[in-house]
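Here is the structure we will look at, set down as structure tokens.
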Amino acid sequence: MNSFIINYLSNIIPVSFNLKTSEGVQKVGDDEPQFTIIVNKMPDEQLMKQSTSLALGEAYMRGDIEGDRDLYEILDTFLGEMGKFKRDKKALKKLLFTSKSKKNQAVEVSSHYDIGNDFYKLWLDESMSYSCGYFRTPEDSLYQAQVNKVDHILEKLQLEEGMTLLDIGCGWGFLLKRAVEKYGVKGVGITLSHEQCKQFNEDIEREGMQDKLECRLMDYRDLEKSRLIFDRVVSVGMIEHVGRGNYELFMKNVDAVLKPKGLFLLHYISALRENDGDAFIKKYIFPGGVVPSLREIVNILPDYNFYTLDIESMRRHYWQTLLHWRSNFLEHWDEVVQMQGLEFARMWHLYLSSCAATFHNGIIDIDQVLMSKGVNNDLPMIRTV
């Protein structure tokens, strides 16, 4: 049997498994095999030397490799070992380091979020929230967890009636609509997704919120010259699209539109250490996406007179959210295949399953950072949520 594939997989998979090829079945490891990897077609050896995630990811997409157990369960056994994955930065340079120009980043964002609202409606909950929920109890449904998450954020922002709220990367607008309903604020959402903005504005008109809400197709870099000003700013799952090297610019634009003593809550996927990103995710899921480390973000804040008030990790909440999304996705498998094709469906199944496993294994985290613009001594002295 091919010794290269055996040595390659045994280096990154810390448990025993069976490897099945056209030559037969071979046990790899000393213990009872936990699953079988079925190789229908051998992955490209050269690509495997360049990028583990890209080579194995593409092979799974095409059906060249499969497993005899649930995909998430298999991935969960070894994605904690991603530090051992092959990753040739020189060979992957064009994929890992894309342009951070407005034009290119708009195209990258659109490639993911403008797949189609009908696609996302298949597996998101009715709030159309595409970020981690907040599970107050194990029995919480996905929808309840998303309501919990939004309420958790809004409470941290300490909103009052008549305040103004900006949501940078507003998605389909659930957070802003909830803020209007619960607190009587006025809100503006900005996004680069045409599909999201169109749907959000249609919802605003249908629900009679035109005097309270608006969604704008707008790059965060245009905030500084917009002359807008807000009491509160929130950004959920957006700074991951900004790119390393632009975090300071992002904070500068938030500072430009936030009133003195105003609060800013940044909710984002984070990493323990700085990393340029995963080749498979960058090629097929989030082109240009980069996950900042927590220390990268926190170190920038003093330069813009932002005072850190609270940091909360929500890693296990995202793990549970992804498992819910994956379950919904699989329930609508036939519809996804009909809508997007089998290879796309396998690609997204791999994406959702691998993300759940990486959150579970602590490869990535998610943080909510609450900060004030300048000193604010009027805030409660204790954590209220």
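Every number here is computed from the coordinates shown, using simple stated rules; none is lab data. Values in this document were obtained by computation on a predicted structure and should not be read as measured data. Note that each Cβ is placed from the backbone with ideal geometry, even for glycine, and that neighbours are counted across all protein chains shown.
Using every pair of separate Cα atoms, the Kirkwood estimate puts the hydrodynamic radius of region 249-332 at 15.5 angstrom.
Computed from Cα atoms, the angle from the helix 102-113 axis to the main principal axis of the chain rounds to 70 degrees.
Classified by the C-alpha gyration tensor, the chain has a prolate form. Its axis ratio a/c, with a ≥ b ≥ c, is 1.5 or above, and a/b is larger than b/c. Here region 187-248 was treated as a single set of alpha-carbon atoms; its pair distances binned every 5 Å from 0 give 3, 14, 24, 25, 20, 8, 3, 1, 0 percent. Computing FRET efficiency as 1/(1 + (r/R0)^6) for Asn40 and Gln340, where r is the C-beta to C-beta distance and R0 is 22 Å, gives about 0.50.
For region 3-96, the Kirkwood radius over C-alpha pairs fed into Stokes-Einstein at 10 °C and 1.306 mPa s yields D = 116 µm² per second. Taking the inverse of the mean reciprocal distance over all distinct Cα pairs, the Kirkwood hydrodynamic radius of region 52-176 comes to 18.7 Å. Taking a ≥ b ≥ c as the square roots of the eigenvalues of the alpha-carbon gyration tensor, region 125-219 is classed oblate because a/c is 1.5 or more while a/b is no larger than b/c. If a/c stays under 1.5 just call it rounded; otherwise compare a/b with b/c (prolate if a/b is bigger, oblate if not). Do that for region 65-125, with a ≥ b ≥ c from the square roots of the Cα gyration tensor eigenvalues. Verdict is oblate for region 65-125. The long axis of helix 52-62 is offset from the longest Cα principal axis of the chain by roughly 80 degrees. Expressed as a fraction of 2.2 N^0.38 Å, the value expected for a compact globular protein of N residues, the C-alpha radius of gyration of region 312-385 is 1.64. Highest-first packing order for the peptide set 11-17, 85-91, 361-367 is 361-367, 11-17, 85-91, based on the mean count of other beta carbon atoms within 10 Å. Calculate the dipole size of region 1-83 relative to its Cα centre from +1 charges on Lys and Arg beta carbons and -1 charges on Asp and Glu beta carbons; express the result in debye to the nearest 20. So the magnitude is around 240 debye.
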